[in-house]
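Comments concern the structure below.
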4 protein chains.
Amino acid sequence: MKVGLIGIGGMGQHMARRISDAGHDLAVYNRTNSKAQALTAANVKVVDSISDLGRHASIVLSMLADDVALAAVSKGGGGLLASLPPGGIHVAMGTHGVAAIRELDQLHRAAGQVLIAAPVIGRPDMAAGGQLVILGGGLPEAIERCRPLFSVLGRHLFEVGTEPVAASVIKLANNYVLGCAIETIGEAFSLVRKHGVEASLLNQVLTEILFAAPAYKTYGQIILDRTFEPAGHKVVIGLKDINLMLAAGEAVGVPLPSGNVWRDRLIGAIAHGDGQRDWAMMAIEQARASGLE
Amino acid sequence: MKVGLIGIGGMGQHMARRISDAGHDLAVYNRTNSKAQALTAANVKVVDSISDLGRHASIVLSMLADDVALAAVSKGGGGLLASLPPGGIHVAMGTHGVAAIRELDQLHRAAGQVLIAAPVIGRPDMAAGGQLVILGGGLPEAIERCRPLFSVLGRHLFEVGTEPVAASVIKLANNYVLGCAIETIGEAFSLVRKHGVEASLLNQVLTEILFAAPAYKTYGQIILDRTFEPAGHKVVIGLKDINLMLAAGEAVGVPLPSGNVWRDRLIGAIAHGDGQRDWAMMAIEQARASGLE
Amino acid sequence: MKVGLIGIGGMGQHMARRISDAGHDLAVYNRTNSKAQALTAANVKVVDSISDLGRHASIVLSMLADDVALAAVSKGGGGLLASLPPGGIHVAMGTHGVAAIRELDQLHRAAGQVLIAAPVIGRPDMAAGGQLVILGGGLPEAIERCRPLFSVLGRHLFEVGTEPVAASVIKLANNYVLGCAIETIGEAFSLVRKHGVEASLLNQVLTEILFAAPAYKTYGQIILDRTFEPAGHKVVIGLKDINLMLAAGEAVGVPLPSGNVWRDRLIGAIAHGDGQRDWAMMAIEQARASGLE
Amino acid sequence: MKVGLIGIGGMGQHMARRISDAGHDLAVYNRTNSKAQALTAANVKVVDSISDLGRHASIVLSMLADDVALAAVSKGGGGLLASLPPGGIHVAMGTHGVAAIRELDQLHRAAGQVLIAAPVIGRPDMAAGGQLVILGGGLPEAIERCRPLFSVLGRHLFEVGTEPVAASVIKLANNYVLGCAIETIGEAFSLVRKHGVEASLLNQVLTEILFAAPAYKTYGQIILDRTFEPAGHKVVIGLKDINLMLAAGEAVGVPLPSGNVWRDRLIGAIAHGDGQRDWAMMAIEQARASGLE
């Protein structure tokens, strides 16, 4: 298959390799061209414009950090809306807000194109191993066309409905629950530490019984080992995420009080100079508030 | 073994049956004597006073709802402190506060007795099946003496140290994380529902990937099915728990902001007449705040 | 003086009348032209475009509901940036975000114009009586030119510095404290009511002693009397405000946890259909959460 | 009049002087007798037991730090309940919880005595100047008998009803609003400071307009000047207060989310070693969370 990809960041670079390694004819575009050049050794074409992508393929994936970047590559003269051929598919795989996805869906429809929202669950190492879980929302026939790509990128595809925005909502809700879990681990660790109990002992109890799941295992260990760098998911990205979640709640009249708590922790982390470290730093903010650091 | 048990509530009745069925010579005491009578058919002696228990056995378990009940059965003329023989062991299996356990530990030591704190993780159905997880804190030799009982009651014993209070802290921290998880599920469910997405779909994504663990599976399903009665863990008990956790945090200078959120939800549930239903009702309080109910 | 005014809403209409009544030659523009027509009886010129305003006067005030409206009247072909003459002054009197004011300041400078941020403290009845308090930030000589207008509109001008954004920050902080106060009154009223004490008695104690100030007197009475309509400041506007405040905090690394509380109350009010009522409705949301309504 | 007084702390010592200076025959009891000795120079009798107070006078005031101290001086063999003559009046002037006051009211009735709850609004300097405001709850004839004392101690008496608990509720609610205000000031000060605006400028805007009241003037200045010592109201006392407020809310099903915020700030202040400083330290905790200190 001929495929395009926009965005060669922490996730995108692994996705590009996997697609190319699987034999697909991949062209990539990155705003900072130099980042993409490393992929040429992996038989990936690096192009200079999004228009070039539209000429190369009728399926273009994007894996972008935020809604601003998504709008920047989609709208305007040299954007995807102007570049994709009729019937072309834009598969937006970043974590985006519901308003952005809803608007982009309408714009692609108006342009005779199709938007699939396909945000993923997984950190960069899972992207490298093709172990992502993909939440796919959009027209079934378009999802069907992309299935070969999804099967290279992830271990499972959840088809969440014909509306792209549904995938966005579920992805935001999933990350919301994750952020709450990390904050909670941090609070509980502070509590036992100040009572003279090893946090690792609590971590063992949690992850062997009620919380024997990747979210707790992964982040409990990161916090215990303080492996906040390199960041799998940065504080500043986590803050972007929670703002999208709170906006999604506001849009439909849903207060999200637990999210307020860790939004404040992330802001505190930034205030303390830790914005580029892993968002599990919220546990350190909690420790600071407890007089532990 | 000769054993005593105080407290025949939702958990205690199952524990009594299992101990008796395993061939131990069990005597039980319950403040409301009538509740205990049903156990006589199971070869359990029902006694009228805690003093009788102290004459029957040198190991007495308690499974009580709160610190007030624990103090009531321990202190005073006819209490365990006065009734247990020297070297006798009090195994406190309820969820108790750190101050209460620390004080009781000192009192038992002064009386030449031993306190083991052995709170459990699990709901009544797990107690019935001997599937509890037990967090045991106290003198190793005393824990050793109780091991035959623990193996009848639970599937795993975590030995968390020689201080009873460590078991209390870990149990409170475990329930703290659980309460936060339930609140979070409720918030996320409200969010997707108001965006027109089935909560069951989110539940599937959560429990098949990052949150594939009993805490999320159990409570996600309770909330989806609205099986708030009979309550496995009542709102009013959950409120008692969070107050103990906040007090444990206050005692050592640890703010616990996520817990404030669900404490408020539980108080709201009581205000709406739902105090005797399962604490998963906090999800309904969230839904009410979102204009959903 | 020749003056222009954009925005004839709840505040703007009173401001227009006062400026015209003071003998100034006022032209107004409103997106919904019909609203402005009522002012023609008051010797106010109603114009069809912002360009007309720029031809009429070199000082143009704006009193707009949000940053989107401010951008809409400022930018683009027929906007203020294109219409104001060199040296012209744009006095932005609405409550705007720090990012919006900072950007607009730069744009006006680049266009050889001057931005003054002059947000006001006061509800519509105070605008009608010229009793507003004005927070003026910007070049002193520009503020001096506008002083005759400020003296007609308000009873006091705080000059808060040469940067427009300083006025924005102080205005947001002032409203932040106000929102927190309203939420707090609501919580305290619920508390005493459920203890069988009249909220009016608490209101008397508060407003005669420690809280003998307009914020508490005004909002205590609104809540006691339930005069949520007509709204002096709507729930939806309050929500816009708190979002600006939280964004202002995020921009500089300041968590604002008390604001999270009433943001959630406002969202709940919208969920319950009360978005167009006065933001003092947050007290009713509190009462609902307490099982009182 | 013959009068007794229990509790010679920061408030009580000033009250003792004023009562004695007004010509009343005052006997005082303090747990730490040495503190009371300084008053002998002011014609105050210092007695060794509460029984002595009961022999000296039929009206005994108490000004105690918490409910534990109140119970300690009231109950038991040598307590007020056993010492006051029939018809005697106990005027509890500390800030106490609703449960404690309700129970004590019943005990005094059962003993043929009268409890008046008369908590005060004001810091130690106001006690010294007789400028307290007194919230009196209890039987009108008993309040009448105490009026000469109240007029010496305070500048105003609010009669809040015939139930002592009503005075307790209003006092807690008043302090609740005060704690929220202090927290809010701290948050707003952090916000403007990090935007490069002087907190004193915001303080001026606040206290000259919407918040021109003692609460904001007093605490705004304390925070600006950092006069956290000597403490007018300590962090640890503030924490006791908020716990009483949250308990009062829990008792009747009222969540108090804004109070959770500053409870956490006070706990953080204690964690950072500031428990004995003024509770306005919550503003410093906010600043710390904002990376300012």
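The values are calculated or read from the model by the stated rules, or taken from the named source; none is laboratory data. Here the structure is a predicted model, which means the values were calculated and not measured. Please note: Cβ atoms are built from the backbone with ideal geometry, for glycine as well, and neighbour counts cover all protein chains shown. Protein only, heavy atoms only, side chains kept; ligands, DNA and RNA dropped before computing areas. Shrake-Rupley method; radii C 1.70, N 1.55, O 1.52, S 1.80 Å.
Taking C:VAL254, is it among the hydrophobic types (A, V, I, L, M, F, W, C), closer than 18 Å to D:ILE182 by Cα, more than 21 Å from the chain's Cα centre (by Cα) and at pLDDT 95 or above?
Details: among the hydrophobic types (A, V, I, L, M, F, W, C): yes; closer than 18 Å to D:ILE182 by Cα: yes; more than 21 Å from the chain's Cα centre (by Cα): yes; at pLDDT 95 or above: yes.
Judged against the criteria, C:VAL254 is a match.
Answer with yes or no whether A:ILE89 is at pLDDT below 95 and surrounded by 15 or more Cβ atoms within 10 Å (Cβ to Cβ). Working first, answer last.
On the way: at pLDDT below 95: no; surrounded by 15 or more Cβ atoms within 10 Å (Cβ to Cβ): yes.
No.
Which residues, counting only those in segment A:266-288, are without any contact (Cβ under 8 Å) to a residue 24 or more places away in the chain and in a helix (DSSP H, G or I)? I'd like the intermediate steps shown before the answer.
Going residue by residue through segment A:266-288, those that are without any contact (Cβ under 8 Å) to a residue 24 or more places away in the chain are A:268, A:271-273, A:288.
Residues satisfying the conditions are A:GLY268, A:ALA271, A:ARG288.
Take the residues in segment B:73-105 that are under 12 Å from B:GLY7 (Cα atoms) and assigned to a loop (DSSP other than H, G, I, E, B); name whichever of them is nearest to the chain's Cα centre (by Cα).
B:GLY94
Run D:LYS171 past the list (1) open to solvent by less than 20 Å² (accessible area, probe 1.4 Å); (2) more than 14 Å from chain B (Cβ to nearest Cβ); (3) closer than 24 Å to C:ASN175 by Cβ and report the number of the one that doesn't hold.
Here D:LYS171 meets the rest and fails (3).
Given the criteria under 13 Å from C:ALA283 (Cβ atoms) and touching a Gly at 6+ places or on another chain (Cβ under 9 Å), does C:ILE170 qualify? Walk me through how you get there before you give the answer.
Working: under 13 Å from C:ALA283 (Cβ atoms): no; touching a Gly at 6+ places or on another chain (Cβ under 9 Å): yes.
No, not satisfied.
Looking at (1) at pLDDT below 95; (2) assigned to a helix (DSSP H, G or I), find the lone condition where D:ALA231 falls short.
Evaluating D:ALA231 over (1) at pLDDT below 95; (2) assigned to a helix (DSSP H, G or I) leaves (2) as the failure.
Somewhere in segment C:65-72, is a residue closer than 21 Å to C:ILE134 by Cα, open to solvent by 10 Å² or more (accessible area, probe 1.4 Å), assigned to a helix (DSSP H, G or I) and at pLDDT 95 or above? Walk me through how you get there before you give the answer.
At the first step, the residues of segment C:65-72 found to be closer than 21 Å to C:ILE134 by Cα are C:65-67, C:69-70.
Pick out the ones that are also open to solvent by 10 Å² or more (accessible area, probe 1.4 Å) and you get C:65-67, C:69.
Restricting the remaining residues to those that are assigned to a helix (DSSP H, G or I) gives C:67, C:69.
Going one step further and asking which of them are at pLDDT 95 or above, we end up with C:67, C:69.
There is at least one residue in segment C:65-72 that is closer than 21 Å to C:ILE134 by Cα, open to solvent by 10 Å² or more (accessible area, probe 1.4 Å), assigned to a helix (DSSP H, G or I) and at pLDDT 95 or above.
Does C:GLY249 satisfy the condition of being open to solvent by less than 30 Å² (accessible area, probe 1.4 Å), in contact with a helix residue (DSSP H, G or I) (Cβ under 7 Å, 6 or more places away or on another chain) and modelled with pLDDT under 95?
Numbers: open to solvent by less than 30 Å² (accessible area, probe 1.4 Å): yes; in contact with a helix residue (DSSP H, G or I) (Cβ under 7 Å, 6 or more places away or on another chain): yes; modelled with pLDDT under 95: no.
The answer is no for C:GLY249.
Just the residues that are open to solvent by 30 Å² or more (accessible area, probe 1.4 Å) and facing another protein chain (nearest Cβ under 8 Å), please, taken from segment A:266-287. Show your work before the answer.
Filtering segment A:266-287 down to residues open to solvent by 30 Å² or more (accessible area, probe 1.4 Å) leaves A:270, A:272-273, A:276-277.
A:ILE270, A:HIS272, A:GLY273, listed by residue number.
In segment C:238-251, how many residues are of a type in the set (A, V, I, L, M) and either more than 20 Å from the chain's Cα centre (by Cα) or not in a helix (DSSP H, G or I) (or both)?
First, pick out the residues of segment C:238-251 that are of a type in the set (A, V, I, L, M): C:239, C:242, C:244-248, C:251.
Subsequent filtering for residues that are either more than 20 Å from the chain's Cα centre (by Cα) or not in a helix (DSSP H, G or I) (or both) retains C:251.
Matching residues across segment C:238-251 total 1.
In segment C:158-167, is there at least one residue being free of Cβ contacts under 8 Å to residues at least 24 places away in the same chain and either touching a strand residue (DSSP E or B) at 6+ places or on another chain (Cβ under 7 Å) or within 9 Å of chain D (Cβ to nearest Cβ) (or both)? Full working, then the answer.
Of the residues in segment C:158-167, the ones free of Cβ contacts under 8 Å to residues at least 24 places away in the same chain are C:159.
Going one step further and asking which of them are either touching a strand residue (DSSP E or B) at 6+ places or on another chain (Cβ under 7 Å) or within 9 Å of chain D (Cβ to nearest Cβ) (or both), we end up with C:159.
Yes: segment C:158-167 contains one or more residues that are free of Cβ contacts under 8 Å to residues at least 24 places away in the same chain and either touching a strand residue (DSSP E or B) at 6+ places or on another chain (Cβ under 7 Å) or within 9 Å of chain D (Cβ to nearest Cβ) (or both).
Can you name the residue in segment A:256-265 that is hydrophobic (A, V, I, L, M, F, W, C) and assigned to a helix (DSSP H, G or I) and is also farthest from the other protein chains (Cβ to nearest Cβ) among such residues? Outline the logic, then answer.
Our first condition is that a residue be hydrophobic (A, V, I, L, M, F, W, C); within segment A:256-265, this holds for A:256, A:261-262.
The next check asks that each one be assigned to a helix (DSSP H, G or I); those that pass are A:261-262.
Details: A:VAL261: 5, A:TRP262: 8 Å.
Among them, the one singled out is A:TRP262.
If I go through segment B:14-53 residue by residue, how many of them are part of a helix (DSSP H, G or I) and at pLDDT 95 or above?
Selection size over segment B:14-53: 12.
Going through segment A:111-144 one residue at a time, which ones are open to solvent by 40 Å² or more (accessible area, probe 1.4 Å) and under 19 Å from A:MET11 (Cβ atoms)?
Matches in segment A:111-144: A:ARG123, A:ASP125, A:MET126, A:ALA128, A:GLN131.
Filtering segment A:54-64 down to residues that are assigned to a helix (DSSP H, G or I) and open to solvent by less than 40 Å² (accessible area, probe 1.4 Å), which residue is farthest from A:PRO148 (Cα to Cα)?
Taking segment A:54-64 first, the residues assigned to a helix (DSSP H, G or I) are A:54-56.
Checking the rest, the ones that are also open to solvent by less than 40 Å² (accessible area, probe 1.4 Å) come to A:54, A:56.
Values: A:GLY54: 19, A:HIS56: 18 Å.
For segment A:54-64, the residue satisfying everything is A:GLY54.
Please determine, by comparing only the residues of segment C:179-195 that are surrounded by fewer than 24 Cβ atoms within 10 Å (Cβ to Cβ) and touching a residue at least 40 places away in the same chain (Cβ under 8 Å), which one is nearest to C:ILE237 (Cα to Cα).
Going residue by residue through segment C:179-195, those that are surrounded by fewer than 24 Cβ atoms within 10 Å (Cβ to Cβ) are C:193-195.
With the extra rule that they be touching a residue at least 40 places away in the same chain (Cβ under 8 Å), the set shrinks to C:193-194.
On the way: C:ARG193: 28, C:LYS194: 30 Å.
For segment C:179-195, the residue satisfying everything is C:ARG193.
Is it the case that some residue within segment A:229-237 is more than 21 Å from D:LEU292 (Cα to Cα) and over 16 Å from the mean Cα position of the chain (by Cα)? Let's see the steps before the verdict.
Taking segment A:229-237 as the starting set, the residues that turn out to be more than 21 Å from D:LEU292 (Cα to Cα) are A:229-234, A:237.
Those still in the list that are over 16 Å from the mean Cα position of the chain (by Cα) too: A:229-230.
Taking every residue of segment A:229-237 in turn, at least one turns out to be more than 21 Å from D:LEU292 (Cα to Cα) and over 16 Å from the mean Cα position of the chain (by Cα).
Taking segment C:196-225 on its own, how many of its residues are in a helix (DSSP H, G or I), open to solvent by less than 10 Å² (accessible area, probe 1.4 Å) and at the interface with chain D (Cβ under 9 Å from one of its Cβ atoms)?
Residues in segment C:196-225 being in a helix (DSSP H, G or I), open to solvent by less than 10 Å² (accessible area, probe 1.4 Å) and at the interface with chain D (Cβ under 9 Å from one of its Cβ atoms): 5 in total.
For residues that are of a type in the set (Asp, Glu) and in contact (Cβ under 8 Å) with a residue 40 or more places away in the chain, scanning just segment A:50-70, find the one that is nearest to A:ILE237 (Cα to Cα).
Here is the first cut: in segment A:50-70, the ones of a type in the set (Asp, Glu) are A:52, A:66-67.
Adding the requirement that they be in contact (Cβ under 8 Å) with a residue 40 or more places away in the chain leaves A:66-67.
Working: A:ASP66: 8, A:ASP67: 12 Å.
Of everything passing the filter in segment A:50-70, A:ASP66 is nearest to A:ILE237 (Cα to Cα).
Go through (1) open to solvent by 30 Å² or more (accessible area, probe 1.4 Å); (2) touching a Leu at 6+ places or on another chain (Cβ under 7 Å) for A:ALA38 and report which single condition fails.
In the conditions (1) open to solvent by 30 Å² or more (accessible area, probe 1.4 Å); (2) touching a Leu at 6+ places or on another chain (Cβ under 7 Å), A:ALA38 misses (2) alone.
Out of all the residues in segment B:148-156, is one or more open to solvent by 30 Å² or more (accessible area, probe 1.4 Å) and either within 14 Å of chain D (Cβ to nearest Cβ) or of a type in the set (S, T, N, Q) (or both)?
yes
If you take the residues of segment D:15-32 that are open to solvent by 50 Å² or more (accessible area, probe 1.4 Å) and of a type outside the set (Asp, Glu), which of them is nearest to D:HIS56 (Cα to Cα)?
Within segment D:15-32, the match that is nearest to D:HIS56 (Cα to Cα) is D:GLY23.
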